[in-house]
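What follows is a single structure, and I will ask about it in a moment.
The values are calculated or read from the model by the stated rules, or taken from the named source; none is laboratory data. Predicted model only: the values in this text are computed from it and were never measured. So basically every Cβ, Gly included, is an ideal-geometry build from the backbone, and we count neighbours across all protein chains shown.
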Amino acid sequence: MKLEQLIAATEKELPGKRWTHTLGVMDTAVKLAQRFGADPEKAYLAALLHDYCKAWPVDKQAAVIRENGLPADLLDYDKELWHAHAGAWVAEHRLGVGDQEVLDAIRYHTSGREHMTLLDKVVCLADYIEPGRDFPAVHNIREIAEHSVEKALVAGFDSTIQFLLMQGKKIYPLTVLSRNRLIEELT
Ligand code: DGI
Ligand code: FE
Ligand code: FE
Ligand code: FE
């Protein structure tokens, strides 16, 4: 699909508020890419598609994971993790996105992963701090993002992990590995 078609297809998949969020992530991801030296066009495309499956019924998200050999352990963790992997699969196999860096940035935008590329970091961070986001730590994360993508992401994962702990939920191990690795990169 051409870019204009991808934009139209994504807007169609998302309720108004979620599309506004996506537009915010696109804008923020491009700015972060320019600030930290990632490819702005890849950041734009990954941000556009990052929540493509977010509004799908969770059964449909789970089916994409189950039927296509995506990591089955995801299904033992919070449903919020599923749309990222389902979205990367749909982008590749239904929307014709061939760029593996872009697909990985979509795939890991929620959990992170142990060796995040700069593009992964930019998209994941943009998702945390786009202008429409409002949670207690967001102002602090935005400030840190002025100078360090890694420090800002650690602060982002900290807030997510704290939120999950408060809710008594399980933490997907990849998020812990991702945070550990970012801290190692910083020392
Ligand atoms: O899709 P969005 O709402 O834009 O944001 P997202 O894809 O980053 O999803 C964030 C949600 O995922 C947030 O409410 C916390 C939830 N979540 C559940 N388990 C985990 C998790 N997030 C991470 N990073 N790790 C988990 O184990
Ligand atoms: Fe998401
Ligand atoms: Fe996120
Ligand atoms: Fe998002």
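Restricting attention to the stretch 107-117, does a residue exist that is of a type in the set (Asp, Glu), within 15 Å of ligand 4 (Cβ to nearest atom) and modelled with pLDDT of 95 or more?
So the first thing to find is which residues in the stretch 107-117 are of a type in the set (Asp, Glu), and the list is 114.
When the remaining residues are screened for being within 15 Å of ligand 4 (Cβ to nearest atom), the result is none.
Taking every residue of the stretch 107-117 in turn, none turns out to be of a type in the set (Asp, Glu), within 15 Å of ligand 4 (Cβ to nearest atom) and modelled with pLDDT of 95 or more.
Still on this structure, I have one more. Surrounded by fewer than 22 Cβ atoms within 10 Å (Cβ to Cβ) and either touching a residue at least 40 places away in the same chain (Cβ under 8 Å) or in contact with a helix residue (DSSP H, G or I) (Cβ under 8 Å, 6 or more places away or on another chain) (or both), is that true of residue 123? Before you say what the answer is, go through the steps one by one.
Numbers: surrounded by fewer than 22 Cβ atoms within 10 Å (Cβ to Cβ): no; either touching a residue at least 40 places away in the same chain (Cβ under 8 Å) or in contact with a helix residue (DSSP H, G or I) (Cβ under 8 Å, 6 or more places away or on another chain) (or both): yes.
No; evaluated as a whole, the condition is false for this residue.
Considering only the stretch 25-79, state which residues are among the acidic types (Asp, Glu) and within 18 Å of the chain's Cα centre (by Cα).
Let us first name the residues in the stretch 25-79 that are among the acidic types (Asp, Glu), namely 27, 39, 41, 51, 59, 67, 73, 76, 78.
Selection gives 27, 39, 41, 51, 78.
If only one of 141, 129 is within 15 Å of ligand 4 (Cβ to nearest atom), touching a residue at least 60 places away in the same chain (Cβ under 8 Å) and either crowded, with 20+ Cβ neighbours inside 10 Å or charged (D, E, K, R) (or both), which one is it? Give the derivation first.
Values: 141 fails: touching a residue at least 60 places away in the same chain (Cβ under 8 Å).
Going through 141, 129 in turn, the sole match is 129.
Given the residues 97, 176, which is the only one that is more than 30 Å from residue 3 (Cα to Cα), away from ligand 3 (no atom under 13 Å from the Cβ) and touching a residue at least 12 places away in the same chain (Cβ under 8 Å)? Walk me through it before giving the result.
Details: 97 fails: more than 30 Å from residue 3 (Cα to Cα).
Of the residues listed, the single one that is more than 30 Å from residue 3 (Cα to Cα), away from ligand 3 (no atom under 13 Å from the Cβ) and touching a residue at least 12 places away in the same chain (Cβ under 8 Å) is 176.
So, one more: Can you find even one residue in the stretch 13-33 that is among the charged types (D, E, K, R) and in contact with a helix residue (DSSP H, G or I) (Cβ under 7 Å, 6 or more places away or on another chain)?
Checking the stretch 13-33: not a single residue is among the charged types (D, E, K, R) and in contact with a helix residue (DSSP H, G or I) (Cβ under 7 Å, 6 or more places away or on another chain).
Then there's this: Which ones in the stretch 25-36 are within 11 Å of ligand 4 (Cβ to nearest atom) and under 16 Å from residue 141 (Cα atoms)? Step through it out loud before you land on a result.
The initial filter retains those residues of the stretch 25-36 that are within 11 Å of ligand 4 (Cβ to nearest atom), namely 25-26, 28-29.
Across the stretch 25-36, the qualifying residues are 25, 28, 29.
Within the stretch 37-63, how many residues are more than 17 Å from residue 109 (Cα to Cα) and either buried (at least 22 other Cβ atoms within 10 Å of the Cβ) or among the small types (Gly, Ala, Ser) (or both)?
Total satisfying the criteria: 3.
Residues of the stretch 153-174 being closer than 19 Å to residue 72 by Cβ, within 15 Å of ligand 2 (Cβ to nearest atom) and touching a Leu at 6+ places or on another chain (Cβ under 8 Å), which ones?
Within the stretch 153-174, just 172 meets the criteria.
Then there's this: Just to be sure I understand the filter: pairs with C-beta atoms under 7 Å, separated by 6 or more residues or on different chains, first member in the stretch 35-58 and modelled with pLDDT under 95, second member buried (at least 18 other Cβ atoms within 10 Å of the Cβ). Which pairs pass?
none
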